[in-house]
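The structure appears right after this line, and notes come after that.
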Amino acid sequence: MNADDELVVNLIVISKVQINTKLYTSGIYLNLEQPSYVPESVRRWIRQDSRDETIKKINRIVTRALEELQRDNINNISYKHHLLEAKKGLLNLRETYSNCIQTVARIDTLISKISTIESTEDTYNTAIEDNRFAFKTMEDVDV
């Protein structure tokens, strides 16, 4: 797999996060924490995984995807779709960590970054609708 595939896979994994599900970040791919007889704290300690590392890795993924969205006209629809889907997972992760103000603030920052592509699209769509209305109105006027 190439770097673009890695990015898409990680965005898809983020999008699948449910409330009270955590991610682990060992290796190049994110993964969902699975139930086990071994306590989560022990598993995370063995993998040297932490909430801080998870948020840092998600931030790198989101930032890179946003950069690719700006740079790559061929795949930008795919990146946009996966980013918007990842936002849903981030909202669930935010709920999971709702008792930690710092983590929630960091996740909110990531959500805000993704939301910028939604507002750009809304502005673009509004401009198109305004132009359609203006042309329609001009057709109604006798010159």
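The values are calculated or read from the model by the stated rules, or taken from the named source; none is laboratory data. Just so we're clear, the structure is a prediction, and the values are computed from it rather than from any experiment. Positions of Cβ are backbone-derived with ideal geometry, glycine not excepted, and every protein chain shown enters the neighbour counts.
For region 95-110, how many residues meet the condition of being under 16 Å from Lys56 (Cβ atoms) and either of a type in the set (A, V, I, L, M, F, W, C) or loosely packed, with under 12 Cβ neighbours inside 10 Å (or both)?
Adding up the residues that qualify gives 6.
Could you list, in sequence order, the residues of region 10-24 that are in a loop (DSSP other than H, G, I, E, B) and surrounded by fewer than 21 Cβ atoms within 10 Å (Cβ to Cβ)?
If the condition is that a residue be in a loop (DSSP other than H, G, I, E, B) and surrounded by fewer than 21 Cβ atoms within 10 Å (Cβ to Cβ), then Lys16, Gln18, Ile19, Asn20, Thr21, Lys22 are the ones that fit.
Might you check whether a residue that is over 20 Å from Ile28 (Cα atoms) and either part of a helix (DSSP H, G or I) or touching a helix residue (DSSP H, G or I) at 6+ places or on another chain (Cβ under 7 Å) (or both) occurs anywhere in region 56-69?
Yes; the residues of region 56-69 include at least one that is over 20 Å from Ile28 (Cα atoms) and either part of a helix (DSSP H, G or I) or touching a helix residue (DSSP H, G or I) at 6+ places or on another chain (Cβ under 7 Å) (or both).
What's the number of the condition Glu118 fails, among (1) over 17 Å from Asn59 (Cβ atoms); (2) modelled with pLDDT of 95 or more?
Every listed condition holds for Glu118 apart from (2).
Show the residue pairs that are 6+ apart or on different chains and have beta-carbon atoms under 6 Å apart, the first residue being within region 1-24 and among the charged types (D, E, K, R), the second being part of a loop (DSSP other than H, G, I, E, B) and surrounded by fewer than 18 Cβ atoms within 10 Å (Cβ to Cβ).
Cβ pairs passing all conditions: Glu6/Ile28; Lys22/Glu33.
I'd like the residue in region 11-49 that is among the charged types (D, E, K, R) and at pLDDT 80 or above and, out of all such residues, is nearest to the chain's Cα centre (by Cα).
Lys16
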